[in-house]
Amino acid sequence: MELHSLRQFLVVARLEHLSRAADELRVAQPSLSRTIARLESELGAPLFDRSGRLRLNDTGRLFRDHVERALGELEAGRRAVTEATDQGLGAVRLASETFLTLTGPLAAFKRSHPAVELELHWSPPEDMARRLRSQEIDLCVASQPVHAEGLEGTALFEEEVGVAFPLDHPLAGRTSVTMGELADQPFVTARSGHWLRRLLDRLFAAHGLVPKIVCESDEHSAIADLISVGLGVGLVPAFARRSATRAPLAWIPVDDPASRRTVTLYWAADSHLSTAARLMRTTITDWNWTTGEPPS
């Protein structure tokens, strides 16, 4: 089996759509179809169900997991040789849903290790396990649990998530708000899949409600600005509330114990982490998240 074919298979398995996979890989769809057919012929079993839309079947999922590990080991070997021959610290690839939380430890790491090559990748949580197992990335920081085999992790901190209101909003002076009081409020939030949106949907669903969303933004840093000018209200974590922001807002706790997030650092259990990645892991795990400073 050719490595190129296996990498193409992983893209098709992830997207479960031949034309979109062909676009991402920049190959012709008929050529990609033949590649998948050859793999299935070599294995002696179909990897996809083709009734209706393309779906990875149980055999395909089994094969995908092995391919991810195999390609991950090859990548780990390449990086280990590079690190050994360069006699340096290597590089580190870190993924997260948001890097606002990580600016402090990232800045401290670069000051201490200016020669290390640092790659930052935005990643939704549903892609993190796959990317860690295939060793596309070394570490990831998630604001919601990543439930997958083959990962290790450590919780960094837990914090309250409140609601931000424009200063002239009728609820802006409250000490807390209930989900019932938020039922008819217009919400400015992130798109589906982002931890902030998932938390919003879970909070409302637990009370038999559906949030009234007036704006979905990919620019998460713009959410506070949109709220401050009166477009709506929105969930904002305590960490972002403490951070310097231009937007004047009232931040009110939600009277619901589920309105929280736990930020966790993950890595693949069997991965070979470069010296740089291990140093980054130590920097993040030892960081004083209460003061926002390095450990004393």
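Some points to look at:
- Restricting attention to segment 123-143, the residues that are closer than 28 Å to Phe187 by Cβ and either touching a strand residue (DSSP E or B) at 6+ places or on another chain (Cβ under 7 Å) or among the charged types (D, E, K, R) (or both) total 9.
- Any hit, segment 48-64, residues being touching a strand residue (DSSP E or B) at 6+ places or on another chain (Cβ under 7 Å), charged (D, E, K, R) and over 24 Å from His272 (Cα atoms): yes
- Considering residues of segment 16-26 that are over 15 Å from Arg50 (Cβ atoms) and in a helix (DSSP H, G or I) only, the residue nearest to the chain's Cα centre (by Cα): Glu24
- One residue alone among Glu97, Glu126, Glu119 is under 25 Å from the mean Cα position of the chain (by Cα), assigned by TED's automatic domain parsing to the domain that holds Leu199, loosely packed, with under 14 Cβ neighbours inside 10 Å and touching a residue at least 40 places away in the same chain (Cβ under 8 Å), and that residue is Glu126.
Rundown of residues vs (1) modelled with pLDDT under 90; (2) out of contact with any strand residue (DSSP E or B) (no Cβ under 8 Å at 6 or more places or on another chain), yes/no style:
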site: Gly162; (1), (2): no, no
site: His194; (1), (2): yes, yes
site: Gly208; (1), (2): no, yes
site: Asp225; (1), (2): yes, yes
site: Leu231; (1), (2): no, no
site: Arg241; (1), (2): yes, no
site: Ser259; (1), (2): no, no
site: Ala276; (1), (2): yes, no
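- Of the residues making up segment 147-171, those that are farther than 30 Å from Pro105 by Cβ and surrounded by 17 or more Cβ atoms within 10 Å (Cβ to Cβ) are Phe165, Pro166, His169.
- Members of segment 59-106 that are more than 21 Å from Asp127 (Cβ to Cβ) and at pLDDT 90 or above: Thr59, Thr103, Gly104, Pro105
- Qualifying residue in segment 43-57 (condition: over 25 Å from the mean Cα position of the chain (by Cα), part of a helix (DSSP H, G or I) and of a type in the set (S, T, N, Q)): no
- Some residue of segment 252-274 being closer than 20 Å to Pro124 by Cβ and free of Cβ contacts under 8 Å to residues at least 60 places away in the same chain: no
- For segment 182-202, the set of residues classified as in contact (Cβ under 8 Å) with a residue 60 or more places away in the chain, part of a helix (DSSP H, G or I) and loosely packed, with under 15 Cβ neighbours inside 10 Å is empty.
- Residues that are free of Cβ contacts under 8 Å to residues at least 12 places away in the same chain and of a type in the set (A, V, I, L, M) within segment 203-238 comprise Ala205, Val210, Ala222, listed in sequence order.
The values are calculated or read from the model by the stated rules, or taken from the named source; none is laboratory data. What you see is a predicted model, and the numbers here were worked out from it, not measured in a lab. Quick reminder, even Gly has a Cβ in these numbers, built from the backbone with ideal geometry, and neighbours come from all protein chains shown.
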